[in-house]
Amino acid sequence: MKTPLVFLLLAVATLTAHAQTVPPAGPAAITASSGRCGVCHPAERVQFEKSRHAPEGVRCVSCHGGNDRSLDAGAAHGAGFRGRPARQDIPALCATCHSDEGRMRPYNLPVDQYALYQTSGHGQRLARGDRQVAVCSDCHGAHEILAPHDPASSVNQLNIPQTCGRCHGSRAMPGAREHQDVLKKYQSSVHARALFEQGNLRAPTCVSCHGVHGANPPNVGDVDKVCGQCHTAERRYYTSGGHAVARGGRRPECASCHEAHGVQAARPERLASSCAVCHAGDARRLDLGRRLWTEYRTAAAEVDKAAALVAKADAIPIQTEDYHARIEEAHTYLREALPAAHSVQPEVVAGFTTRARAVGEEVQKELEGKFANLRQHRYVLIAFWFYVLLTLFVLKRFRDQAARNR
Amino acid sequence: MNAPGRQGPPARGGWVDWLEQRVNLSEIFSFITHFGLVYTPVDTQKPVREVLREVAAEPVPRYAHGARVLGLLAAILFGLQIVTGVLLAYYYRPTPEAAFESTRTIVRDLPGGWFIHQVHAWGSWLLVAVIVLRLLRLFWEGLYRAPREVLWWCAVAMTWVVIQSDFTGRLLTWDSHTYWSTVRGLEVVWAIPIAGPILAFLLGGRTVNADVLIRFYVLHVMVLPAFYAAFLYLTFATLRRVGLSQTGPARDERPIRYREHLYSMTMLTVGLFAILVTLATLLPLRFHGAADPYVTPGGVRPPWYMLAPYVLLQRLPLPWLSGFVMLAAAFAVLLLPLWLRRDETPGRRLRIRLAGAAVLLVWLVLSVLGALLERR
């Protein structure tokens, strides 16, 4: 009687076991997000599987339409198939997801890229029917879109200059001949050296000044605002000075002296020479530049001399902690004097250089006094030798006397 | 039951006699003379006045004269180093954090501290120079031959002790230049076969850190001075057996009274002190900032007496060769009396002198090369 029951139990157990081998449906199932499109489009499939989109449920059909479950080309490219999106349609296509707050919220991504793009030079030209301008895929790629923090991404901080330079550094780009060497200029700049040689990821690239999705050249009168994002002190003095006043729709801006893309490290001695770029025939203004430089140079020389004396005093050593602090103070004034020079007002610069020079001279004077005190040891030494010789003479007399009494 | 103090001439009263009746002053004086001053035994049974009178009248060779003065200078300098060293130790703190700071406090903030420090620093320089020159003088005069072998060994040992005192002392300031100079010197020492690794082990590794500093400090202020005093004692014990050397021209050999010799020694002391004061005032040794074990300043050389093995270490293909050369030189100097002990003909003596001069010349050339060496 027991045998059929055992068989029944075995049968149930086998069925249950078989049921467990069927892959469960749900998020744990790893399936190719490219669906069956990859059968005919293997290259695109490989690129897409690497992208940031693939693991997030974006599929080929999300952009291209059609049916990714069919292996029949006719059915797959059937109803709703979009094919290769036209360039002018791409921004709107991407925006269907990326401007959707509901979809972007879980990723904490902004949704204003499309709106920004429409304000950009690229977006406005596109709206006017220029098909050559950059759309989303020109910078981000089409299938292999990577996150910006991925070093391989074309929009990673370190790759942005090359990405922008693909168009803006090329001769193929029409109507921008004066900007053909813009990439080369940037690569020679102090900003690029900070980024690539010193690995300073906060150093500016193209997008830091021109904007990211809303990319545009800064307007006249806006350059100082752009540079002033980082160079706040320079901007403060620049806007308070004479150069900030527009004359005839133009005014000298940061780039007038420092260049726009090939910005070089600021050298104080250029205070003397930069004015000649615009004021070549104007002796009064040229002299003003030379005065700025002279103010700075004489103060810096006094501070350097004082610092050398402090180093000499350290080697003796005499007490210098206080002087170290004062040299540091003088260096702070000197550092402030260079931004102050952007006001092109010698009296503003002198406010700092005079203080720096005063501190330098004061330290020099006090240390020279201490050195003079030390030199007085030498006079004591003369007196000391006088007594030494006297003692030796007396001792010799005693010795001779002892020799005579022998 | 006659007390020793009552055997002498009638008492003149005063504190000397008062003390004489309670303490054997001659014994104390005798103890002191074991470390210098007097070259003959002292009769501790006689009262101290009589002992002093006898000592003062003792005939001695004219010793504060010519190259013989070197031994006296070494003794005086050693005394000065002890006095200044003890004063420095009052304020010095032997840790990497405090060593440079405390040295700077001594030199910069304490009244007269710079003077004590500079005299100690220049004194060490002079002491090394004097003790090396004395060894050369003993070699030149042939004073290693029987029965003076022990004196020669003492001289060699004292040279080693003085050089090691200088080497351990220069690290103590923890100044960046002397620190790296010590590191360069230790590289030479560690290259010595067998002994080098053992020394590195005893020092606590090949990094010059707090362990090395405290060990150097103990060596510098306790062990090495104790050894120096022991060899000084041995030197005078030997001198009392074999007597002072009689090597000068005949007119110098006419003995003088000890009283005259004492005046000469006092004059030497005054002169030496004056020279030290002048050097310390006009050419004070400079500070370069606290040492950083991770930053090597450029142009650092080992101490001058290690330049020759250093250049060998830097330029020979096998690093242990330089250590071997140094070890061989040390043993050759030490064992010199063993194979030159017999009296020799003047010709042979000349050959020995020339051989020594040739070795010295090679050493000097190597030292100059070491001073000009660009480190690889």
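Derivation of every value follows stated rules applied to the coordinates shown; laboratory data play no part. Predicted model, so just to flag it, every value in this text is computed and none were measured. Glycine also receives a Cβ, built like all others from the backbone with ideal geometry; neighbour counts cover every protein chain displayed.
Mind giving me the FRET efficiency for B:ALA210 and A:ARG84? R0 is 51 Å, r the Cβ-Cβ distance, nearest 0.05 is fine. Here the calculated transfer efficiency is 0.10. When B:VAL359, B:VAL300, B:VAL162, A:VAL344 are sorted by how many other C-beta atoms sit within 10 angstrom of their C-beta, beginning with the fewest, the order is B:VAL359, B:VAL300, A:VAL344, B:VAL162. Among the trypsin sites (Lys or Arg not before Pro) in segment A:190-260, those placed in a DSSP loop whose Cβ has at most 15 other Cβ atoms within 10 Å are A:ARG202.
A crude spin-label estimate for the pair B:TRP304 and B:ALA355, with each label 7 Å from Cα along the Cβ direction, gives 2.9 nm. Label zone of A:HIS149 (point 7 Å out along Cα→Cβ, amide N under 16 Å): in segment A:201-222 this covers A:201-202. Highest mobility in the GNM of chain B, judged by mean-square fluctuation with C-alpha springs under 10 Å and restricted to B:PRO309, B:PRO96, B:PRO255, is found for B:PRO255.
Note: relative contact order over segment A:283-376, using C-alpha pairs below 8 Å and six or more positions apart, is 40 percent. The mean number of Cβ atoms from other chains found within 10 Å of a Cβ in peptide B:274-286 is 3, as a whole number. Projected label points at B:VAL83 and A:SER256, each 7 Å from Cα along the beta carbon direction, are separated by 7.6 nanometres. As a calculated quantity, the FRET efficiency between A:ARG291 and A:ALA266 at R0 = 25 Å, using C-beta atoms, amounts to about 0.85.
Per-residue ellipticity at 222 nm from helix content only, as computed over the protein assembly as shown with -39500 (n - 2.57) for each DSSP H run of at least four residues, stands at -19000 deg cm²/dmol.
Among B:HIS34, B:HIS261, the order by Cβ neighbours within 10 angstrom, fewest to most, reads B:HIS34, B:HIS261. Efficiency by 1/(1 + (r/R0)^6): what FRET value for A:GLU329 and A:LYS184, r their Cβ-Cβ distance, R0 = 25 Å, to the nearest 0.05? My answer for the efficiency is 0.05. Across chain A, the mean sequence separation of Cα contacts (distance under 8 Å, 6 or more residues apart), normalised by length, yields a relative contact order of 9 percent.
For segment A:26-133, applying the loop criterion from DSSP together with a ceiling of 16 other beta carbons within 10 Å to the chymotrypsin sites (Phe, Trp or Tyr not before Pro) yields A:PHE81. Helix by helix through chain B, keep the DSSP H runs that span 27 Å or more along the axis on Cα and average at least 0.5 on Kyte-Doolittle, and give those back in order. Helix filter hits for chain B: B:69-89, B:113-140, B:149-172, B:258-282, B:319-339, B:346-372.
Taken residue by residue and averaged, Cβ atoms of other chains lying within 10 Å of the Cβ of A:317-327 number 2.
Relative contact order of segment B:189-331, taken over Cα pairs closer than 8 Å and 6 or more residues apart, is 40 percent.
Model label points for B:ARG315 and B:VAL132, set 7 angstrom from Cα along the Cα-to-Cβ axis, are 1.8 nm apart. For chain A, complete DSSP H runs whose alpha carbons reach 24 Å or more along their own long axis and whose mean Kyte-Doolittle score is -1.0 or higher are A:2-21, A:283-315, A:321-340, A:346-404.
In terms of surrounding Cβ atoms within a 10 Å radius of their Cβ, B:ASP175, B:ASP109, A:ASP181 rank from fewest to most as B:ASP109, A:ASP181, B:ASP175.
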